[in-house]
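Student: One structure, as structure tokens, below. Some questions next.
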Amino acid sequence: MDDELITERRRVAFPQVFGYLRHVTGGLVRHAALVDCLTDYCRRHELALCGVFTDRDATVAIRSPAFIGLVDTLELPDTYGAVVPALSHLGPRSIGTERKRQIGRTGGRLIVVRSFKSTTESAPSVGTSPNLRPQGDT
């Protein structure tokens, strides 16, 4: 039998990710809440959030300064990927699609905290109406 420790018992650094926000409306409190969302997600999924790039300009360009900074960091060795609160932070659909392509071209992964897609399709229990909702003190 091999005496080498199993993977779970070795010291492994958390994968390094960088956040990206498109924060045009709202103040510092909203921005802090978005950063907290990314931080909490990374903590729960054992990712090291190394920084957050934020675009604050209302005009949306594919190659904005913050997005260029994100892409540059994704090309560094040992960088796992980018994390966003929702796909809408990448911009409108046409720009978001191009940004996703650019992130993919770096070899980094795009992690979306709230994807708005059902990850599992659960069927209702036998004899339970799919429209049944709890009411009152039940």
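Student: First check a/c for the range 14-54, with a ≥ b ≥ c the square roots of the eigenvalues of its C-alpha gyration tensor; if it is under 1.5, answer rounded, and if not, answer prolate when a/b is larger than b/c or oblate otherwise. Write down the numbers at each step before the final one.
Tutor: On the way: a/c = 3.59, a/b = 1.96, b/c = 1.83.
It is prolate, given that a/c is not under 1.5 and a/b is the larger ratio.
Student: Please identify every one of the trypsin sites (Lys or Arg not before Pro) in the range 39-115 that sits in a loop by DSSP and has no more than 14 other beta carbons within 10 Å of its own beta carbon. Intermediate results must be reported in sequence, preceding the final value.
Tutor: Values: sites: Arg43, Arg44, Arg56, Arg63, Arg93, Arg99, Lys100, Arg101, Arg105, Arg109, Arg114; in loops: Arg56, Arg63, Arg114.
Qualifying residues, ordered by number: Arg56, Arg63, Arg114.
Student: How many nm separate the modelled label positions at Arg44 and Lys100, each set 7 Å beyond the Cα in the direction of the Cβ?
Tutor: Modelled inter-label distance: 2.2 nm.
Student: Mind running the shape call on the range 41-82? Use the C-alpha gyration tensor, a ≥ b ≥ c as the square roots of the eigenvalues: rounded below 1.5 for a/c, prolate if a/b tops b/c, oblate otherwise.
Tutor: Numbers: a/c = 3.40, a/b = 1.66, b/c = 2.05.
Since a/c reaches 1.5 but b/c is at least a/b, the shape of the range 41-82 is classed as oblate.
Student: Follow-up question, since we're still on this one. Which value in nm describes the separation of the simple spin-label points at Thr25 and Arg109, placed 7 Å from the Cα toward the beta carbon?
Tutor: 3.3
Bear in mind that the values in this text are calculations on the coordinates, not laboratory data. Remember, it's a predicted structure, so these values are computed and weren't measured experimentally. With ideal geometry, Cβ positions are generated from the backbone for all residues, glycine too; neighbour counts draw on all protein chains shown.
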